[in-house]
Amino acid sequence: MNERHASLGENLRALPRGAWILFFGTFLNKFGAFVVPFLAIYMTRLGYTTAQAGLAVGAYGIGNLGASLLGGYLADRVGRRKTIVLSMFSAATAMLCLSQARGLPAIAICACFAGLTGELYRPASSALLADLIPAGQRVTAYAAYRMSFNAGWAFGPATAGLLAKHSFMWLFAGDAATSVMYGLVAWFALPAGLRGTRAGGALQATWRVLREDARFRQALCACLAVGLVFVQGFSTMSLEITRHGFSAATYGWVISLNGALVVLFELPLTTITKRYPARRMMALGFVLIGAGFASNVLERTLPLLVLTVVLFTLGEMIAMPVSGAYVADLAPVNERGLYMGTYGLVWSLAFVGGPSLGMLLFSASPTALWAACGGLGLIAAGIMKLEPVLTREQAATRAGAG
């Protein structure tokens, strides 16, 4: 079936059973991600300062960076399903260890271990989805995967808040329990997927791919640029909203609106975006993300806040499923884990470095920050509109595919 001409219902019905199991497991895992949103609060309850709590959260982020590389490497070397199972059971262990840590060094080490193990599964999941879905039919699949991820994040923190009222230990236990549950689902129900045969270390293989694949290198540069913009929605945008006299609750509503729009409309929107070339849709989405954040220079009223959210969320819904499918289509069969892991690494770098860079620029000039966001969105789009210089082998491959 040609995805470009099929309806959304037809595309969803065409997804194999393994893809739906993957979506369910992803929702379950993200719904149970109870600890991370409350880690800073937990640290302050233990008597640590805000800065010390920030160190623990930062350590978790460093673990995420390592997970992108190691997760992709393991997905290709030992297999997709085994990597997901390893991630889930080791993540459960890490959460239980973190719950018992009390000294700051021990907490930081356990948080880093939790960040590493808890995200190992993501490159393997993305690679498995590419194994299950043929090229040209992946936009809907990656949109459904993102919806399961976002739906889990939408409902999980509210449940975690209720558990935290009784005891923070319930957060750690619940997080570990849902990881074990996904591990069992993966072991008994997920297909094994393909396994690559590449040799060498994760870093060595990553550098090789970056040197050789111009299209992939372009996509990564564009995603890093727009990623630095996108993370402002979860950092400096809160300061922008409150400095204009709005409450923190208004900011919470704004972020919830973003999640609700993605869950409700991203999948239906793929019936349009899948009809057009991937690079063109990525460029359009990146421009809209930049324009959304650039609109923060306008007078801040509630209707204009809604306009800001709608603009950057529309860009997100257009670009993100297409970009995931685009990277999966670029990847050789035996290196899908490497490609998806490197793609995830770029977004992790943006999420680690973007808030700090944004805060520095915001403290100097909020207007300069939002103007820079608009400029980065245009740069990202421009990168995707440039025709990459291909090697002779890549050009031959593209001609053969055409």
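Extension gain for Ala368-Ser235 works out to 46.3 nm (0.36 nm per residue, less the C-alpha to C-alpha distance).
Under the simplified labelling scheme, the Arg102-Val310 pair shows an inter-label distance of 5.4 nm, with each label point 7 Å from Cα along Cα→Cβ. Checking the cross-link filter: which lysines have an alpha carbon closer than 23 Å to that of Lys385, excluding same-chain neighbours under 8 positions apart? Filter leaves Lys274. Share of carbon and sulfur in the accessible area of the chain stands at 69%, probe radius 1.4 Å. In the full protein context, region 101-158 carries 32 Å² of accessible surface per residue, based on a 1.4 Å probe and ignoring ligands, DNA and RNA. According to the calculation over all Cα-Cα pairs in region 254-323, the P(r) per 5 Å bin from zero is 3, 19, 27, 23, 15, 9, 4, 0 %.
Using the Cβ-Cβ distance between Val333 and Ala189 with R0 set to 22 Å, the FRET efficiency from 1/(1 + (r/R0)^6) comes to roughly 0.45.
Let a ≥ b ≥ c be the square roots of the eigenvalues of the Cα gyration tensor of region 210-283; is it rounded (a/c under 1.5), or, if not, prolate (a/b larger than b/c) or oblate? Judged from the Cα gyration tensor, region 210-283 comes out oblate (a/c at least 1.5, b/c at or above a/b). Computed over the chain with a Gaussian network model linking Cα atoms closer than 10 Å, the most mobile of Ala164, Ala319, Ala331 is Ala164. Taking Leu210, Leu338, Leu311 as the candidate residues, the one with maximal mean-square fluctuation in a Gaussian network model of the chain, Cα springs under 10 Å, is Leu210. The share of Cα pairs per 5 Å bin across region 1-155, counted from zero up to the longest distance, runs 2, 9, 17, 18, 17, 13, 9, 6, 4, 3, 1, 0 percent.
The lysines whose alpha-carbon is closer than 25 Å to the alpha-carbon of Lys165, local same-chain residues fewer than 8 away aside, are Lys30. Helices assigned as whole DSSP H runs in the chain whose Cα atoms extend at least 18 Å along their own long axis and whose mean Kyte-Doolittle hydropathy is 0.5 or higher are found at 17-31, 50-77, 80-100, 104-119, 168-189, 214-230, 248-273, 278-294, 302-330, 336-364, 366-385.
Can you give the net charge of the other residues whose Cβ lies under 15 Å from the Cβ of Ile383, counting K and R as +1 and D and E as -1? Net local charge, Ile383 excluded: +3. Kirkwood hydrodynamic radius for the chain: how many Å is it when counted over pairs of different Cα atoms? Averaging 1/r across every pair of different Cα atoms and inverting gives 21.6 Å. The base-10 log of I(q)/I(0) for region 212-369, evaluated at q = 0.08, 0.15, 0.19, 0.20 Å⁻¹, reads -0.25, -0.83, -1.21, -1.30 [Debye formula, identical scatterers on Cα atoms, solvent excluded].
When the chain is treated as a GNM with alpha-carbon contacts under 10 Å, the residue of Leu376, Leu298, Leu22 showing the greatest mean-square fluctuation is Leu298.
Only helices enter the 222 nm calculation for the chain: every DSSP H run of n ≥ 4 contributes -39,500 (n - 2.57), and dividing by all residues gives -27500 deg cm²/dmol, rounded to 500.
The values are calculated or read from the model by the stated rules, or taken from the named source; none is laboratory data. None of these values were measured; they are calculated from a predicted model. Every residue, glycine among them, receives a Cβ derived from its backbone with ideal geometry; neighbour counts consider all protein chains shown. Protein only, heavy atoms only, side chains kept; ligands, DNA and RNA dropped before computing areas. Shrake-Rupley method; radii C 1.70, N 1.55, O 1.52, S 1.80 Å.
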